[in-house]
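What follows is a single structure, written as structure tokens, with notes after it.
The values are calculated or read from the model by the stated rules, or taken from the named source; none is laboratory data. Here the structure is a predicted model, which means the values were calculated and not measured. All Cβ positions, glycine included, derive from the backbone under ideal geometry; neighbour counts span all protein chains shown. Side chains are part of the model used for accessible areas, which takes the heavy atoms of the whole protein and leaves out ligands, DNA and RNA. Shrake-Rupley method; radii C 1.70, N 1.55, O 1.52, S 1.80 Å.
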Amino acid sequence: MNTDETTRFDPVSPSPSSTWATVLLWFAGLCKAFGGRVVLNFLSGAIHRGEVILLHGDNGVGKTTLIDILTGNLLPDRGQLRLLANGSDETFSFPRHWWNTLISADHFTPERVAQEGVGRTWQEIRLFGTQDIEANIAVAKQLQHGESPVWAILRPGAVRRQDRQNRVDAGNALAAIGLAGREHSSADMVSLGQSKKVAIMRAVRAGAKVLFLDEPLSGLDSDGIADVISLLTKLVREHKIALVIVEHDANIPRILDLVSTVWTLNDGSLTVQTPEAVREEMREVEPTGYLRGISVASQPQTMNLPHNGVLFQTQSETSGGQVPPLEVRDLVVHRGRRLVIGQRDPDGRLHGMSFCLHRGQRATLLAPNGWGKTTLLECLAGLIPASCGSILLNGEEVQDLPPWERARQGLCLAQARDNSFPQLLVREAFRLVGRKDYPDSVRHLMGRRISQLSGGEAQIVSLLCALNDAPAVVLLDEPHLALDHGAQTELNCILDALPGAVLIAEPKVLAIPQDQSEQS
Amino acid sequence: MNYWFHLAIYFTIFATVAISLNIVTGYCGLFTLAHAAYFAIGSYTFAIASANWGWSFLPAAGLGVVVAVILSLALSVPSWRFRGDNFLLMSLAVQAMLAGIFQNWWSTGSTPGSWTNLTNGASGMSVRASEVFGLSLREPGHLLLLGIGILLVCAFITRVLLSSPFGRLLVCMRDDELALRGLGKNVRLARVQALAIASGIVALAGALYAAYARFVDPQVASLDQSILMLAVVLIGGTGNFRGPLVGAVCLIAIEEGIRFLPFIEAGAGTTARVIGGGDVVASLRIMAYGLLLVLLMHFRPQGIAGRYRTA
């Protein structure tokens, strides 16, 4: 980090009095340790109206811990938090005293903090899946009479009128984010990008003046990223909402134009940087390099797929006589009634997907969100049945075999999420898969439970478990998700050393042209 | 008593129970094993108020509702941060505690319903024939009318509640409690309210049962009964209005189907013992429900009339 451009927050007097008018959230002396490991060490800072802060740091430095504390989801060990977003001035001091638990207005809880105008979104989005997206927005409105059962029974007319207006407003909010006409789409049926926009709008509808966004761009394709950035820009410019964004390295260059301040968390302390300084750092590490390693270098074979998908494969180094570890012939996969993998021609005939991976070959499947990348990988691994077609593993048909049989024959799938056993210690997880050697970077995690790891740490541990036995075919669904640059490099080294075939599925994201990033 | 009147009254009682449990299980996503205990609170309170003070049905049942609503705090307050297995265990503890009270709050030599012999222990209490609006509840027709009235009122109130923002709040709480709290919603209060409403409604059904069976004993608060109530809701389907009604119909179909099996002795499982019991019918009923639950979990996990959605 360039120390000239770095300023340490003053923990005692964090903000000059002249700027208090614009302060929405202020914290000082925040400390948090987990089992003796200090994560946050006397952090102080302030968030001002209309400010856009990028919270930046390596995997496991405590970004999510800080967000959890500032949004009431986690109690700090000590420190002070002052909430001014809603015009009132609420101060919480830590550690809490026993009498704080007696008065509900004094509770430090997510709902209490949200009522003071501090909202958040999660990495895993967390929409209410059984509700339509209009209801997802409508439920967020504060002070709804109908949320009291007494009102709902005694004044049903008034409740209905207010709720009707609330639904109209929710519909307008959806129209503002380009989802007019989709009001009654179920929340678990809309695309990832649309879900993220609904989650952001839901938090705004709940009255958030300060909005914490945990990886709002992760997993999105180019269109999704553009949509979300456009929405965030609008919130800042038109509604003066302050944003605190946590994003992993690959997406940071895409939001730097929007960012006014960068907070860098390292070794438990917070430093402030300018976006320009971070842009310089990002240029050095080239965050999209992991994709270029496969898709651009080594003269890849390119296979264009339906609906803007593309499969990049490195040149095969094996002779033509060898049986490929993975061969897919005319594969067709449905999710329910929806055709996901395969295509119908104008005559109504169904054409499946075919490709072949040789030993040592690397392939990257780049496709937009909703294309069916995860479906394809899960079908190859046996988690979803194929409608028709063949899957050959080392020359033998396996499409009728259960997943564990395919795994025994050397096929390994690492899913993007829910890919680990959260209650196991890292040591136990490695023992479970029989892994004896592990990189130094995870040695300090051995005694910790996987559920206590950061997103990036958990991802690298689960990948190390999955890739233990040097499988013949490795299928990775967005493996770089949540990994910082160091972890990505480490993963790429592990992948390079694998003798088998590797297929990586990633969202299709256009690279940022170098000249454009330089101009901005 | 006319057989069809018996079936119809039985249906109104169990449909009311299922509607109330659907609030907790279907809308809040909480599995409770204490529901039969709140049903028994309604039964016992009605029995005591009508026997000791000569109250007619509505005030005696109303008192049962009030007592059940207050005692619902015994479940909702200690468990307000729990979901899933932990909530289930809390409800089991409350069920055991209340069933223990019904079983053990008695002494010899005292009148049943008195302060020292409140429940008359395992011997149970007979219930005085009650009346409502001057109509004697000895008449099956009057009982049926009362049962239909209670069912319609409870269904209407539940419908109004669950189609209001309160219902939306409960469903969102079931989907993701933390996300809802992050929107500034007091989900713990909503849960306390939902459990109080469900306990009040099931206590009303319990009072109707006591007026119908004219007898109440600790078996009505047993764990078997709670499991049976849960099974009715799960088999019918949760999270909508058809499910509880379908579940109640299934309960009656199974119960009556078993009664006509050739190896069941005549008179086993008489109408006065449709709830509680310990006879062959009750055992077979539990087995039939278990089998049906296993089949449904495999082939239609959303229940017979649950929400069905293709991918």
- prompt: Given H placed on each backbone N at 1.01 Å, which residues far from A:Leu25 in sequence or on other chains put an amide H within less than 5 Å of it?
  reply: A:Ile47, A:Leu84
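In percent, what relative contact order does region A:32-120 have, based on Cα pairs under 8 Å that are 6 or more apart in sequence?
Details: 79 pairs, mean separation 21.2, N = 89.
Value for region A:32-120: 24 percent.
Just the number, please: buried accessible area between B and A, total of both chains, 1.4 angstrom probe, nearest 100 square angstrom. Working shown, then result.
Details: alone 13950 and 24220 Å², together 35320 Å².
Chains B and A together bury roughly 2800 Å² of accessible area.
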statement: Note, A:Leu326: beta-carbon cut-off 14 Å, +1 each Lys/Arg, -1 each Asp/Glu, net +1
query: Averaged over all directions, how much area does the convex hull of the C-alpha atoms of chain A cover when projected, in nm²?
result: 28.3 nm²
task: With all protein chains present, calculate the accessible area of A:Val190 using a 1.4 Å probe and round the result to the nearest 10 Å².
output: 20 Å²
field: For chain B, the longest site-free run once trypsin sites (Lys or Arg not before Pro) in DSSP loop states with at most 13 other Cβ atoms within 10 Å are removed
entry: B:139-308
query: How big is the gap, in Å, between the Cα center of region B:61-118 and the Cα center of region A:74-137?
result: 34 Å
task: Note down the net charge around B:Leu170, summing +1 for each Lys or Arg and -1 for each Asp or Glu among other residues with Cβ under 11 Å from its Cβ.
output: +1
- prompt: Per the helix-only calculation at 222 nm, which mean residue ellipticity applies to the protein assembly as shown, given -39500 (n - 2.57) for every DSSP H run of n ≥ 4 and division by its residues, nearest 500 deg cm²/dmol?
  reply: -13500 deg cm²/dmol
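Would you tally the net charge around A:Ala140, using a Cβ to Cβ cut-off of less than 10 Å, leaving A:Ala140 out, and scoring K and R as +1, D and E as -1? Kindly include the intermediate steps, with their values, before the conclusion.
Values: positive: A:Lys141, A:Arg202, A:Arg205, B:Lys185; negative: none.
Summing Lys and Arg as +1 and Asp and Glu as -1 gives +4.
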- prompt: So what are the ³J(HN,Hα) numbers for region B:287-303, from phi and the Karplus equation (6.51, -1.76, 1.60; θ = phi - 60°), rounded to whole Hz, Gly and Pro as x?
  reply: 5, 4, 5, x, 5, 5, 5, 4, 5, 5, 4, 7, 9, 8, x, 7, x
- prompt: Tell me, what ³J(HN,Hα) does each residue in region A:144-153 have, in order and in whole Hz, if you take phi through Karplus 6.51 cos²θ - 1.76 cosθ + 1.60 with θ = phi - 60° and put x for Gly and Pro?
  reply: 8, 4, x, 7, 9, x, 5, 4, 4, 8
- prompt: Share of region B:2-219's accessible area from carbon and sulfur, percent, 1.4 Å?
  reply: 67 percent
Highest-MSF residue in chain B out of B:Met173, B:Met287, B:Met229 [GNM, Cα springs under 10 Å]: B:Met287
task: Give the angle, between 0 and 90 degrees and rounded to the nearest 10, that separates the Cα long axis of helix B:35-53 from the longest principal axis of the Cα atoms of chain B.
output: 40 degrees
- line: Diffing region B:225-231: the Karplus 3J(HN,Hα) column from phi (6.51, -1.76, 1.60, θ = phi - 60°), in whole Hz with x for Gly and Pro, holds 5, 4, 5, 4, 4, 4, 5
task: Ignore the peptide's own chain and count Cβ atoms of other chains within 10 Å of each Cβ in A:194-204; give me the average, rounded.
output: 1
- request: Within region B:215-265, list the chymotrypsin sites (Phe, Trp or Tyr not before Pro) lying in a DSSP loop whose Cβ has at most 15 other Cβ atoms in a 10 Å radius.
  value: B:Phe260, B:Phe263
task: Would you work out the relative contact order for region B:2-219, in percent, from Cα pairs under 8 angstrom that are 6 or more residues apart?
output: 41 percent
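Please report, as a whole percent, how much of the solvent-accessible surface of chain A comes from carbon and sulfur atoms (probe radius 1.4 Å).
Numbers: 11520 of 22860 Å².
Carbon-and-sulfur percentage of accessible area, whole number: 50.
Tell me, what is the per residue accessible area of chain B in Å², probe radius 1.4 Å?
Working: 12460 Å² over 311 residues.
On a per-residue basis, chain B sits at 40 Å².
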- line: Ranked by GNM mean-square fluctuation in chain B (Cα springs under 10 Å), the top entry among B:Leu144, B:Leu295, B:Leu58 is B:Leu295
Inter-chain shielding of A:121-128 (mean C-beta neighbours from other protein chains, 10 Å cut-off): 4
- line: Over all pairs of different Cα atoms in region B:2-219, the reciprocal of the mean inverse distance gives a Kirkwood radius in Å of 17.8 Å
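Please give the per residue volume of the convex hull enclosing the alpha carbon atoms of region A:82-191, rounded to a whole number of Å³. Working shown, then result.
Working: hull volume 17.6 nm³, N = 110.
For region A:82-191, the hull spanned by Cα atoms encloses 160 Å³ per residue.
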field: Using alpha-carbon coordinates, inclination of helix B:242-259 to the longest axis of chain B, degrees
entry: 40 degrees
Most fluctuating residue given options B:Asp224, B:Asp176, B:Asp85, as computed from a GNM of chain B linking Cα atoms under 10 Å: B:Asp176
